[in-house]
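Structure first, then comments.
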Amino acid sequence: MNYQEKIMEFFVQKGRAEGLTFDTDLFAGGFVDSLFALEIVIYLENTFGLRIKNSEIREENFKTIHAMAALVERLKK
Amino acid sequence: MEELEEKKIKCLVWDLDHTLWNGTLLEDGHVQLMDGVVQVLEELDSRGILLSIASRNDYDMAMQQLEQFGLASYFLYPQITWGAKSNAIASISKSLNISLDTIALIDDQAVERSEVTHVHPMVRTYDALNYKHILDLPAFQPRFITSDAKMRRQMYQHDMVRKQAEEDFSGSSEAFLKTLHMKLKISKVKAGDLERVEELTLRTNQLNSTGITYDFDMLSGLISDPNHVFLIAELEDKFGSYGKIGLVLAEKREESLHIKLLLMSCRVMTRGIGSALLIYLIGLAQNYGKQLTADFIDTGRNRVMYITYKLMGFYEVEEHEDGSVTLSYQGGPKAYPDYLDVTVDEI
């Protein structure tokens with residue numbers, strides 16, 4: 001399973017996968033559900049064994065599943 | 001210093017046998033309430049302290065007995081199982097979304113109390129012998145009893161109904177939010193709100209951008225200060241009111257509208273209220289022709305607020321020696337989410 005699929009799995013678990021593609025803009029609705037945002041950060045950290053630094057927590061790194069996978073890829077190196 | 005003052009208890013968890021009532025329900029079959037315990041429960045409830053149960057008992061029989069005493073509705077998320085009480089406490093903490101250091105257990109069994117403190121050292125425990133004295137302890141005496149406090153149990157009961165509705169709902173979480181018909185009202189803080197404002201700053205840990213507490217006099221001075229924007233937000237939906245759940249303090253500086261404090265009650269963590277308040281401030285700053293900036297102080301518990309800011313399009317522009325950071329909004333105007341009806345009252 002690649003990073004994108006593994007991240008999609010989180011959205012499936014949370015019941016948020018309907019109509020979602022790797023490139024869907026997650027913040028297009030203009031809002032961030034604080035708890036969900038925290039959970040996704042923690043999910044990435046725990047699933048991939050990373051520590052995401054504050055400087056990496058940016059809108060563009062979390063905008064899509066694709067962007068999150070790229071972030072994981074970069075931090076894994 | 002503030003730290004020396006004991007944290008107030010938000011929820012008192014009761015054992016049943018030999019604590020709430022005399023005798024052992026399953027052995028004696030017939031039990032009587034401890035003398036004066038109903039008054040203790042009523043008083044705690046009216047102070048806005050939540051009540052729950054951790055008892056090793058038969059669930060149906062115990063609940064039936066509580067119904068007969070007319071007390072069942074006082075207790076939120078009662079944990080009546082044969083499992084460890086430390087698990088019961090953890091489950092209550094999770095369901096109410098309050099931290100363990102604001103939860104207390106009252107139990108006649110020393111072994112139960114030490115099992116709980118062994119697993120959760122920050123949970124305070126009390127011997128059931130002292131149940132009448134609980135009311136006199138500072139940890140059970142909020143500084144003020146606000147109208148939000150008096151309604152607190154009902155608000156949590158509404159939340160239980162909402163959670164059930166959410167579990168039963170088969171669609172996306174945004175689709176569920178739409179069914180709630182949420183109304184957010186943003187208004188200027190008025191003198192009558194100050195007790196609630198102080199209470200919010202003291203009670204809110206996770207969803208608090210700086211953790212700075214302000215005393216009553218400072219807050220009172222800010223109401224009429226033309227250099228500050230000082231707002232309180234109230235939320236309701238089709239299940240009822242959540243009460244006054246959000247607070248913003250921002251300073252009008254030369255170049256920027258600077259958010260000194262942004263906080264929300266844990267009960268609205270999944271409702272996007274932080275975003276809605278930020279969207280309002282983004283528009284306000286634009287009207288003033290100023291940048292929107294914000295302080296963030298890491299308190300060890302508020303990472304969720306940092307993430308909220310950053311994912312809304314804020315960037316770190318300055319890091320200070322004390323570890324706090326200044327964030328600045330770099331994006332354009334944003335619209336409120338369509339599941340939320342936002343009204344702004346004479347600002």
Taking the number of other C-beta atoms within 10 Å as the exposure measure, put B:308, B:179 in order starting with the fewest.
B:179, B:308
Which of the aspartates and glutamates could a cross-linker bridge to residue B:8, judged by Cα under 12 Å and excluding same-chain residues fewer than eight apart?
B:101, B:199
Would you mind giving the mean number of other chain beta-carbons within 10 Å of the Cβ of each residue in B:308-319, as a whole number?
5
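For a quick check: sort B:217, B:45 by the number of other beta carbons within 10 angstrom, fewest at the front.
With the fewest neighbours first, B:217, B:45 line up as B:217, B:45.
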Less than 9 Å Cβ to Cβ from residue B:127, Lys/Arg counted +1 and Asp/Glu -1: what total charge do the surrounding residues give?
-1
Helix-only mean residue ellipticity at 222 nm for chain B, each DSSP H run of n ≥ 4 adding -39500 (n - 2.57), per residue, nearest 500
-10000 deg cm²/dmol
Show which aspartates and glutamates lie in cross-link reach of residue B:132 when reach means a straight Cα distance below 19 angstrom and same-chain residues fewer than eight apart are skipped.
B:15, B:17, B:35, B:42, B:43, B:45, B:107, B:108
Shape verdict for chain B, please, from the Cα gyration tensor: rounded (a/c under 1.5), prolate (a/b greater than b/c) or oblate.
prolate
Suppose each label sits 7 Å from its Cα in the direction of the beta carbon; what would the residue B:299-residue B:147 distance come out to in nanometres?
2.6
Sum up the charges of everything whose Cβ sits under 12 Å from the Cβ of residue B:161, counting Lys and Arg as +1 and Asp and Glu as -1, but leave residue B:161 out.
-2
Give, as a single signed number, the net charge of other residues whose beta carbon lies under 14 Å from the beta carbon of residue B:311, with Lys and Arg counted +1 and Asp and Glu -1.
-2
Using the Cα gyration tensor of segment B:1-79, with a ≥ b ≥ c the square roots of its eigenvalues, what is the shape: rounded (a/c below 1.5), prolate (a/b larger than b/c) or oblate (neither)?
prolate
Of B:202-208, A:54-60, ordering from highest average Cβ density within 10 Å down gives B:202-208, A:54-60
What is the packing order of peptides B:10-21, B:139-150, taking the mean over residues of other C-beta atoms within 10 Å and listing the highest first?
B:10-21, B:139-150
Overall form of segment B:176-308 per C-alpha gyration tensor (a/c, 1.5; a/b vs b/c):
rounded
Straight-line reach from residue B:178: which lysines have Cα under 30 Å away, leaving out those fewer than 8 places along the same chain?
A:6, A:14, A:63, B:94, B:150, B:163, B:188, B:238, B:244, B:310, B:334
If each residue's Cβ is checked for other Cβ atoms within 10 Å, how do A:50, B:180 rank with the fewest at the top?
A:50, B:180
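Every number in this text was worked out from the coordinates using simple rules, so none of it is lab data. Treat the numbers as computed from the prediction; the structure is a model and nothing was measured. Don't worry about glycine lacking a Cβ; one is built from the backbone with ideal geometry, like all the others, and counts go over all protein chains shown.
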